[in-house]
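Before any comments, here is the structure.
No value in this document is a laboratory result; all are computed from the given coordinates. Small disclaimer: the values here were computed from a predicted structure and weren't measured. Every residue, glycine as well, gets a Cβ built from its backbone with ideal geometry; the counts of neighbours run over all protein chains shown.
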Amino acid sequence: MENAILMASGMGTRMLPLTEITPKPLITVNGKPMIETIIDGLEKRGVETITVVVGYLGEQFDYLTQKYPNLVLVRNHVYETINNISSVYAAKDVLLKSDCFICEADLFVSDISIFTDELKDSCYYGKMVEGHSDDWVFEQDEDGFITRVGKVGDNCYNMTGIAFFKKEDAKVLYKAIEAEYGIPGHENWFWDDVVNRHIDEFKLRVHPVRADQIIEIDTAAELETVRSALK
């Protein structure tokens, strides 16, 4: 059995003015809201329950519960003041149930077959970037296990916004989120910061994907570029 948490509560300010009236995960690419490209992949895999954490313009996601009967919405009431650690915290009980995907909801997944790959270990989906990167990256040991999750790296896998935790690691994450949430400074943390702070407690690998299989779109200009390329 597998479950999933999708983080959809953010305000998407980098994509203004489009996000003034539409939450970023519901912006369409190729005629489909970005969040649905993720949900369709999770459905194809057979994930039992998909929990979508909403906040900004949260009522616009209500239709998803009609379209996908195994989807539930959870409200993040502090999305304006606390980073996305608050979204995982809002859905933390899901982590105690089974293997669990944790996904950003504002990704365009152009190839949903990435969700049907066999995943023997807990992992972050990663794309290889040659040269220097200022983005979130993974450092690995000689056995392939992740030793650091953080910004800046060279010739390494970069974060794509999708992670998968086996049940035992999901329980470790639950305990870590519980322990870290509320301490001074947590308001600015991404949930991945908690993973990094407890990295020795996890058995995490990188699951490689191509850059064109998961596309992160941050700005209105990038959105137009992607839309034009898909015409």
Run the reach check for residue 167 against lysines, Cα to Cα strictly under 28 Å, same-chain hits fewer than 8 apart removed. What comes back? 44, 67, 92, 97, 120, 127, 151, 175, 203
Spatial separation of Cα centroids for the range 177-231 and the range 116-143, in angstrom: 11 Å
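The range 1-93: which GluC sites (Glu not before Pro) are DSSP loop and have at most 15 other beta-carbon atoms within 10 angstrom?
Values: sites: 2, 20, 36, 43, 48, 59, 80; in loops: 48, 80.
When the GluC sites (Glu not before Pro) of the range 1-93 are filtered for loop state and at most 15 Cβ neighbours within 10 Å, 48, 80 remain.
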Expected 222 nm ellipticity per residue - DSSP helices of 4 or more, -39500 (n - 2.57), all of the chain, to 500: -6500 deg cm²/dmol
Fewest to most neighbouring Cβ within 10 Å: what's the order for 174, 157, 68? 68, 174, 157
Please list the non-local residues whose amide H lies under 5 Å from the amide H of residue 158, H modeled 1.01 Å from N, same-chain partners needing a gap of 5 or more. 127, 128, 129
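Find how much the distance from residue 226 to residue 18 grows on full extension, using 0.36 nm per residue of separation minus their present alpha carbon separation; answer in nm with one decimal.
Working: separation 208, 0.36 × 208 = 74.88 nm, distance 1.53 nm.
Result for the pair: 73.4 nm of gain on full extension.
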When DSSP assigns beta bridges and you keep just the ones with both residues in the chain, what percent turn out antiparallel, to the nearest 5? 50 percent
Given +1 on the Cβ of Lys and Arg, -1 on the Cβ of Asp and Glu, and no further charges, what dipole in debye does the chain carry about its Cα centre, rounded to the nearest 20? 540 debye
Among the Cα-Cα pairs of the chain, the proportion with separation greater than 29 Å, in percent, is 22 percent
For 186, 207, what ranking results if the residue with the fewest other Cβ atoms within 10 Å of its Cβ goes first? 186, 207
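Looking at the range 7-87, which chymotrypsin sites (Phe, Trp or Tyr not before Pro) are in a loop (DSSP not H, G, I, E or B) and have at most 14 other Cβ atoms within 10 Å?
When the chymotrypsin sites (Phe, Trp or Tyr not before Pro) of the range 7-87 are filtered for loop state and at most 14 Cβ neighbours within 10 Å, 63 remain.
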